[in-house]
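The values are calculated or read from the model by the stated rules, or taken from the named source; none is laboratory data. Computed from a predicted structure; not experimentally measured. Heads up, the Cβs are rebuilt from the backbone with ideal geometry, glycines too, and the neighbour counts pull from every protein chain shown.
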Amino acid sequence: MEDEKPREPHDPVAAALPLARYTLVDTRDPELSREQIGRIFCPHDLNPVGPGAAALFEARHHSAAFGGLTLNFVSYGAQVEIDPGCLDRFFLLQVPLAGSALVRNGPYETLANVDRATLLSPAFPTRMVWDAGCEKLIVLVPRGLLEEHVIRVLDRIPRPFEFDPAIDLRRPRGAAIRSQVTLLQHLAESRDRPSAGTDVFERELASAFVTLLVGHMLERDGETSLSQSQRVSVAPAHVRRAEEYIRAHLDSALTLPHLAEKSGSSMRSLQEGFRQFRESTISDFILAQRLDRWRALILASDADAKVGDLALCVGLNHLGRAAAAYRDRFGEAPSQTLRRRRR
C-alpha cells in the first residue's frame, strides 16, 4: 500500500463517514477509481452495472494503517461488479455497514449484509457484486501475519488453506469481531496525528484482533481444512530451532550436518523429527520455504524485477528446476505471477 496522504473532506456528509480524515479516493470516474483503489488493494476489474449506474457512481475510499493492518471504508454509490482474482498477499475482512453484496470466494457464495460479513481467503479467486447502497468497513490483514497466528495454534499452515468466508455477526464470535473492528476504527479516528499507526499499543491490539479472526476460522471444527484431523502435535524444540534457522538463512547453503549443529541434535534425530511432526523430509521443507519466499518476493517486486534474480535471493540456484517446482506448488509459472503482479 502507498504511504497515507490523508486529507480532510470539505463536504459535511462525507466528513461524517467512517475514517473520513483518511480520504484517499473521492471520484465519479470509474477508470480513475479502479486505478487508485487498485494501488491500495490490488489490480482488479471494476464496472458499474444496471440502469443509471454511471450517473450514480461515486467511489470513496478512506484508508488508515493500524498496527500492521489497514483499515478501510469503501463505497461506490452505484451497483458495481468487482473482480480482483486471487488476493495473494492478504486476507480481507469485509463488514457491511449498509446495503448488501453478493460475494464469491472460491467455491463459497455469501450474501453479505449488516448481519453477515466475509473473510476472503487469498488462496481463492474472488468476485463480488455490490448493491448501490453498499458501504463497507474493510480490514486488510497481511497474509504472513495471519498465517503466523495460525501456526501458533496448529503448528503449521494447512494445505489447501480453505475455510467458509461467511461470518454471522449476530453470533457471539461474529459480534466480537464487529465490535473489535469498530474499536480499531474509532481509535484510528481519534489519533492526534493522522499519520500514526505503528506504535506498540496498536500492534498489540491488531495482534489480538487477528487471533480473533483465526478463532473464527477454527470455530466450526470438522467443516473446513483447518479441522481437528489436520492438527498436529507441537514439534520438539530441535525441529522448531531448525525451522527458524532455515527461514532466516534461505539464501545460504543449508546442509544436514550444519542444521543438526544449529538445532542441537543429531542428524538422525532431526530427520526423524521432520518426518514425524512435519510429514516432510528436510530437503522438501527447505524447498517449500524457498518457493514460498520466492513467490512473496515476486508479488512484492518492482516493475523491472527479474524472476531469476529473485530466485537467487532465496537460494534457488537452478532456475529450470526451481521454475518446475514453482509451477507444481502454485499452478503457474513464476513469470505468470510477475505479469499478473504488474497488471
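Some observations on this one:
- Among the residues making up the range 293-320, those that are part of a helix (DSSP H, G or I) and modelled with pLDDT under 90 are ARG293, ARG295, ALA296, LEU297, ILE298, LEU299.
- Condition check for HIS249: assigned by TED's automatic domain parsing to the domain that holds PHE330, under 27 Å from VAL153 (Cα atoms) and not aliphatic (A, V, I, L, M): yes
- Complete set of residues in the range 232-288 that are aromatic (Phe, Trp, Tyr) and either more than 23 Å from VAL150 (Cα to Cα) or at pLDDT 90 or above (or both): TYR245, PHE274, PHE285
- Selection status of SER63, assigned to a strand (DSSP E or B) and either on the phi > 0 side of the Ramachandran plot or in contact (Cβ under 8 Å) with a residue 40 or more places away in the chain (or both): yes
- The range 83-101, subset within 15 Å of GLY133 (Cα to Cα) and aliphatic (A, V, I, L, M), residue farthest from the chain's Cα centre (by Cα): ALA98
- Filter result (at positive phi and either modelled with pLDDT of 95 or more or among the β-branched types (Val, Ile, Thr) (or both)) within the range 78-113: GLY99
- In the range 1-49, the residues that are modelled with pLDDT under 70 and not in a helix (DSSP H, G or I): MET1, GLU2, ASP3, GLU4, LYS5, PRO6, ARG7, GLU8, PRO9, HIS10, ASP11
- The residue that is nearest to the chain's Cα centre (by Cα), counting only those in the range 273-292 that are exposed (fewer than 14 other Cβ atoms within 10 Å of the Cβ), part of a helix (DSSP H, G or I) and among the charged types (D, E, K, R), is ASP284.
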